[in-house]
Amino acid sequence: QMAVGHKVSASPVADFIVDGHTFEVGGRNKKKKQIASLQDAFVVKDDIEYAYQNIIPLWMFGLLY
């Protein structure tokens, strides 16, 4: 879905990169440790309701459809 208007690629450190923004996907207990050294990086967590700092709820990606 995203590849239509954006550059999507695999990341050597996290799960994927979209237009230079790095995303690491995990469960509710996923920490920022894996992306700590990266700029413009986000953790996408399951089982949370609200976004805060650089953490995004997984359900929000469903709105990209």
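The Cα atoms of the chain define a convex hull whose projected area, averaged across directions, is 4.4 nm². If you plug the beta carbon distance of residue 63 and residue 36 into 1/(1 + (r/R0)^6) with R0 = 22 Å, you get a FRET efficiency near 0.20. Whole-Hz Karplus ³J(HN,Hα) for the stretch 53-58, in order, using 6.51 cos²θ - 1.76 cosθ + 1.60 and θ = phi - 60°, x for Gly and Pro? Once rounded to whole Hz, the list reads 6, 10, 10, 10, x, 4.
Multiply the residue separation of residue 19 and residue 51 by 0.36 nm, subtract the distance between their alpha-carbon atoms, and state the gained length in nm to one decimal. Working shown, then result.
Details: separation 32, 0.36 × 32 = 11.52 nm, distance 2.03 nm.
So the extension gain works out to 9.5 nm.
Hey, got a sec? Which trypsin sites (Lys or Arg not before Pro) in the chain land in a DSSP loop and have at most 14 other Cβ atoms within 10 Å? Answer in residue order: 7, 28, 31, 32. At the residue level, residue 2 shows approximately 60 square angstrom of accessible surface with a 1.4 angstrom probe and all protein chains present.
Per residue, the chain exposes 73 Å² of solvent-accessible protein surface, assessed with a 1.4 angstrom probe and all protein chains in place. Karplus-derived 3J(HN,Hα) values for the stretch 7-20, using 6.51 cos²θ - 1.76 cosθ + 1.60 with θ = phi - 60°, are 8, 10, 8, 6, 10, x, 10, 10, 7, 7, 10, 10, 6, x Hz; glycine and proline are entered as x. Taking a straight Cα-Cα cut-off under 21 Å and skipping sequence neighbours fewer than 8 places away in the same chain, the lysines within cross-link reach of residue 45 are 30, 31, 32, 33.
The values are calculated or read from the model by the stated rules, or taken from the named source; none is laboratory data. A quick note: this is a predicted structure, and the numbers were derived from the prediction, not measured. Note that each Cβ is placed from the backbone with ideal geometry, even for glycine, and that neighbours are counted across all protein chains shown. Ligands, DNA and RNA are excluded from the accessible area calculation, which covers all protein heavy atoms including side chains. Shrake-Rupley method; radii C 1.70, N 1.55, O 1.52, S 1.80 Å.
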